[in-house]
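Below: the structure, in structure tokens.
The values are calculated or read from the model by the stated rules, or taken from the named source; none is laboratory data. Since the model is a prediction, treat every value here as computed from it, not as a measurement. Here Cβ is always computed from backbone atoms with ideal geometry, including for glycine, and neighbour counts include all displayed protein chains. In case anyone asks, the SASA skips ligands and DNA or RNA and just uses the protein heavy atoms, side chains included. Shrake-Rupley method; radii C 1.70, N 1.55, O 1.52, S 1.80 Å.
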Amino acid sequence: MSEPGGAAVPRIPAEERARLLANPGFGKVFTDHMVTSSWTSGVGWDAAQLSAYGPLSLDPSTTVLHYGQAIFEGLKAFHQAGGGIATFRPGANARRFGRSAARMAMPQLPEETFVAAVEMLVRADQDWVPSGAERSLYVRPFMISTEAFLGVRPASRYQFLVIASPAGAYFPNGVAPVSVYISEDYVRAAPGGTGEAKAAGNYAASLLAQQQAADEGCDQVVWIDAVERSYVEEMGGMNLFFVRGSGSGAELVTPQLTGTLLAGVTRDSLITLARDAGYRVTERRFSVDEWRAGAEDGSLCETFACGTAAVITPVGQVKAKTGDFTIADGAAGPITMRLREELLDIQHGRVPDTRGWVHRIV
Ligand SMILES: *Cc1c(COP(=O)(O)O)cnc(C)c1O
């Protein structure tokens, strides 16, 4: 990896940065730098470069613009309670990036190159990591095909990039449950498709359903399986958990990874945290009927979604063509909030990291 001297010149002056960091929102403001590396068939990857953040120049025939070979990742860097900056489980994102690349017929990026590129950017732009509760620097590694060619086949050139964006608290006014709309008109992923890959096209295909959910007065769309149209899969870009029973005897159910779900790093982390806290955690198919029946007879006490951006989002109201229902009293449940705090405490270094999840950068 090389860091050209010119890259040290900040793009945005310190006073302007302070103003932007006061209220960063999500995904609107970008740091001073980016990391890039190119792959050419027969040659492989060149050394990752740190450079000033700025536009790309692409030939109009560039394959990604036509056939959409594009994958991405999302992870966060956090100020640590004892000082310094760390990311959370970057190796898990690197492994998933490799699986996404394989599905989209894109080249493998060595996992250590992925992690080193994230480190390079976070170290260079460490002044952009916001401090304060629930604030972080959102890091977005991604890969696109860059060959200028309209023939349909895997491209012979790709670019890997890492950019970063300061993120404010997802719930600035306290954790609030969301309402969801079960999409019966559209599917996110079908067996044999690309649902398991973090591919840009999955998001393109999801936007109309999300718009429909909003038109129905809901915050988020919930996807059900493409074949039987019965089993819950995910909520927007987040995985789901259902809490049966309450207190120490509660059981957490999360939809099993059938190949059509995206395997979230947050999902995986919460399975571990919940088991270590003494809860039974089951990965299995979970139907809309079971969800509704449990909510109605009171045996299902909580539902929450999880992902890097929002960590944990409680689900309060469910709207479906087959009938609406409310989870418990519609408020965030105790197990939801406990797991949320536990994960945030680890990410922000407020409790010891006993699982090797916290990856110190500064
Ligand atoms: C990224 C993503 C998730 C959450 O994954 P995390 O690694 O926990 O951020 C869940 N579902 C979809 C469809 C996603 O793209």
Relative to the chain, whose Cα atoms define the longest principal axis, helix 200-215 and its Cα axis are tilted in degrees, nearest 10, by 40
Evaluated at 37 °C with a viscosity of 0.692 mPa s, what Stokes-Einstein diffusion coefficient in µm²/s does the chain have when Rh comes from the Kirkwood expression over alpha-carbon pairs?
153
How high is the relative contact order of the range 178-347? Use alpha-carbon pairs under 8 Å, at least six apart in sequence, and give a whole percent.
23
Residue of I144, I271, I12 that the Gaussian network model of the chain assigns the largest fluctuation, springs spanning Cα pairs under 10 Å:
I12
Projected area averaged over all directions for the convex hull of the alpha carbon atoms of the range 178-347, nm², comes out at 9.0
0 to 90° range, to nearest 10: angle between helix 90-103 axis and the chain longest Cα axis
90
Integer Hz, Karplus 6.51/-1.76/1.60 couplings in order for the range 275-288, x for Gly and Pro
5, 5, 7, x, 7, 7, 10, 10, 9, 7, 6, 9, 8, 4
Suppose R0 equals 45 Å; then what is the FRET efficiency for A22 and S246 from their Cβ-Cβ distance, rounded to the nearest 0.05?
0.65
For the range 16-28, in order, what is each residue's ³J(HN,Hα) by Karplus, 6.51 cos²θ - 1.76 cosθ + 1.60 with θ = phi - 60°, in whole Hz (x at glycine and Pro)?
5, 4, 4, 5, 5, 6, 5, 8, x, x, 9, x, 10
Sort the range 48-107 into rounded, prolate or oblate with this rule: let a ≥ b ≥ c be the square roots of the eigenvalues of the Cα gyration tensor; rounded if a/c is under 1.5, and if a/c is not under 1.5, prolate when a/b is larger than b/c, oblate otherwise.
oblate
The range 1-112: relative contact order as a whole-number percent, Cα under 8 Å and 6+ apart:
20
Which of A209, G264, Q108, positive extreme of dipole for the chain (C-beta unit charges):
Q108
Compute the projected area of the convex hull of the Cα atoms of the range 104-185, averaged over all viewing directions, and report it in nm² to one decimal place.
9.7
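Please give the charge dipole size of the chain, origin at the Cα centre, charges +1 on K and R Cβ atoms and -1 on D and E Cβ atoms. Round to the nearest 20 debye.
Using Cβ point charges on Lys, Arg, Asp and Glu, the chain gives about 560 debye.
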For the range 29-69 the mean separation of alpha carbon contacts under 8 Å (6+ apart) over residue count, i.e. relative contact order in percent, is 35
Using all alpha carbons of the range 14-167, what is the percent of pairwise distances in each 10 Å bin, ordered from the shortest bin to the longest?
11, 38, 33, 15, 3, 0
Calculated from DSSP helices alone, with each H run of at least 4 adding -39500 (n - 2.57) and the total divided by the residues of the chain, [θ]222 nm to the nearest 500 comes to -8000 deg cm²/dmol
Accessible surface, the range 14-167, averaged per residue in Å² (probe 1.4 Å)
41
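Length gain on complete extension for the stretch A105 to A176, per 0.36 nm per residue less the alpha carbon to alpha carbon distance? Mind dumping the intermediate values first?
Numbers: separation 71, 0.36 × 71 = 25.56 nm, distance 3.99 nm.
That works out to 21.6 nm of additional length.
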Against the longest alpha carbon principal axis of the chain, how many degrees, from 0 to 90 and to the nearest 10, is the axis of helix 334-347 turned?
20
